[in-house]
Ligand code: ADP
Ligand code: ZN
Ligand code: ZN
């Protein structure tokens, strides 16, 4: 019979990005005439659309949706992208882990991290692309450019790394926490480590927080490894560039991949080393969709593929620091700057010492203006920064020091401008802003914090003739404007650079001898429990901008204007003592039951009315309470998100906490599938989402 001539149909499980409302969360079954290996890329029909899918390895436990259908009833795969080698089993495991951990479907995650243009790729185009790929330098380790003699600390770090590299593939090496002050030569360690891995014929993945803020790192890799194929992967690429670079990594043609958080999912068949630079940086956490932490996934990936991973920072995240303390990570310290450059002397300027005029303060103290004037006279540059962005405003009375503390929590209530309320983001306690300070009756209570623009104006007034440039998210909206502004600073066309925390990252300004934090106190009293950690990192990083030049180091200073000079954070800063700061923070976290001593997830709900969102979260909490029989997980009351309304949508969130990561994961896995059905019962609800290991609560 003719049917015998047809190849037998195969059943394939395919990870495909089915919409959330479809309720299809696992891979789907399709029929194929061709036997396709797991990891193969395919195009499949879903509803009336055609989507990119990945043939998924056999399930560990759950059957794919469609498994109950007989083979001949399954829809066929439209096309196989069989000119591409399949994604590796490791890659599939990484995506599967991330999907499980961050509570998304594998299909959604796979679709989010693969270049979208893969879908449109026809075999013919692919041949063309591959030809272009061949033009990338041949994978021959080139003679590295001239490189400096290693310092003893660097040599020690590399010796340890080589030990781990030698274990190659036999066991998962311990992650390395490379803890070294700015200028201690961490980048040089990355370069050498990469060199060793490349020489062994392996690929190297280097993750950076934000690519346009770290052009120097990219330049140093490019310079050192001239002749080695290096590509970048980040969201600033055009779709065509992203596809090309992704393919280069996937075919093993690109030996070095430098990228932002998305690049942690790069397909690299010969991966031998992962570097995570500035591992503490919050931009490693994806803030929508699948809210993964690329830093944490890098560690997982290294474990999975049994490779070394280097986490580098001058101010490691408290999570990583804690793991090093526990001995789970191997810590390598590089406490000295190369070439003896000293860190600038830190001066805490006590704002309480200024005369007060009716509660109105100037952002700039006279002594700071004087310090700026000295720099002007010597032809040196100054850097002043504010970190107004990203911190919730707390109300503050300048007369008596009152702050908008919550009576029920050890936290400050946040000023919500729209309805003029003070809200606690932990327990939900809300009050209207009092007409005057509850402490002393002063009517001038104001949010802590001031804008960069205002500062720019005040500088122009106080120091006429000074060339002031402002760098912040507003002044750099236009493409290329950041580079142009930075160029002007490097060229010496700017005397005083004013900016937000953007200016403190990565730039090596040689002529800066004064760095000033104008009013960083807001972070001390933020409702965000990570705010002090970030402030410390920011101040240390800012301090690192000064004194790079050994000759100028002697007269380099960092000024901090503060109302709280005795605060433990600032006291640790005066001696550049991260370890002391980390100790005090970890003690606080331990007593408050916060990460790394507790594990958190946030369930968020969005609705037309706050009532609808709240009702959903409360119903969800009731479901969770039933599932969590052992009571290992704590559910808090729903509260409005910091930005409670966006585009007329009310947003609420509920904190879920457990001492046990496993217990939290177990609850989420059982709980979230039930929420789909619950959503249908709550008509006013628009959407819900979960954020596992949220950065802020
Ligand atoms: P980090 O990444 O810790 O800030 P870098 O690796 O950028 O430090 O090193 C700081 C400076 O010292 C750079 O200009 C770098 O070229 C230089 N440098 C690094 N290692 C050495 C070394 N072993 N000998 C001489 N100069 C070095
Ligand atoms: Zn007061
Ligand atoms: Zn409270």
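The values are calculated or read from the model by the stated rules, or taken from the named source; none is laboratory data. Nothing here was measured: the structure is a model prediction, and the numbers come from that model. Neighbour counts run over all protein chains shown; Cβ positions are idealised from the backbone, glycine included.
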### Query
Would the stretch 345-365 turn up any residue that is over 30 Å from residue 446 (Cα atoms) and touching a helix residue (DSSP H, G or I) at 6+ places or on another chain (Cβ under 9 Å)?
yes
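This table checks each residue for (1) more than 21 Å from the chain's Cα centre (by Cα); (2) assigned to a helix (DSSP H, G or I).
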position	(1), (2)
513	yes, no
516	yes, no
529	no, no
533	no, yes
536	no, yes
545	yes, no
552	yes, yes
### Task
Could you list all residues from the stretch 401-449 that are modelled with pLDDT under 80 and away from ligand 3 (no atom under 16 Å from the Cβ)?
417, 418, 446, 447, 448, 449
### Query
Can you tell me which residues in the stretch 395-438 are assigned to a loop (DSSP other than H, G, I, E, B) and within 15 Å of ligand 2 (Cβ to nearest atom)?
398, 399, 400, 401, 402, 404, 433, 434, 435, 436, 437, 438
### Task
Kindly indicate which of 144, 173 is in a loop (DSSP other than H, G, I, E, B), surrounded by 18 or more Cβ atoms within 10 Å (Cβ to Cβ) and modelled with pLDDT under 75.
144
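With the requirement that a residue be at pLDDT 85 or above and assigned to a loop (DSSP other than H, G, I, E, B), what does the stretch 380-394 give you?
The answer is 380, and nothing else.
Each row is one residue, and each column tells you yes or no for (1) touching a helix residue (DSSP H, G or I) at 6+ places or on another chain (Cβ under 8 Å); (2) in contact (Cβ under 8 Å) with a residue 60 or more places away in the chain.
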site	(1), (2)
592	no, yes
606	yes, yes
614	no, no
622	no, no
635	yes, no
646	no, no
665	yes, yes
681	yes, yes
697	no, yes
#### Entry: Residues being touching a residue at least 40 places away in the same chain (Cβ under 8 Å) and in contact with a helix residue (DSSP H, G or I) (Cβ under 9 Å, 6 or more places away or on another chain) - total across the stretch 225-239
5
### Task
Kindly list, by first and then second residue, each pair from a residue in the stretch 240-260 that is on the phi > 0 side of the Ramachandran plot and surrounded by fewer than 21 Cβ atoms within 10 Å (Cβ to Cβ) to a residue that is outside any helix (DSSP H, G or I) and modelled with pLDDT of 95 or more, limited to pairs with Cβ atoms under 8 Å and residues at least 6 apart or on different chains.
252/203; 252/268; 252/269; 252/270
### Among the residues listed as 207, 213, the single one being closer than 27 Å to residue 540 by Cβ, within 16 Å of ligand 1 (Cβ to nearest atom) and modelled with pLDDT of 95 or more
207
### Task
Considering (1) under 26 Å from residue 323 (Cβ atoms); (2) surrounded by fewer than 23 Cβ atoms within 10 Å (Cβ to Cβ), say which one residue 207 fails and leave the rest.
(2)
### Residues of the stretch 412-430 satisfying the condition of being loosely packed, with under 15 Cβ neighbours inside 10 Å and either farther than 16 Å from residue 641 by Cβ or without any contact (Cβ under 8 Å) to a residue 60 or more places away in the chain (or both)
417, 419, 420
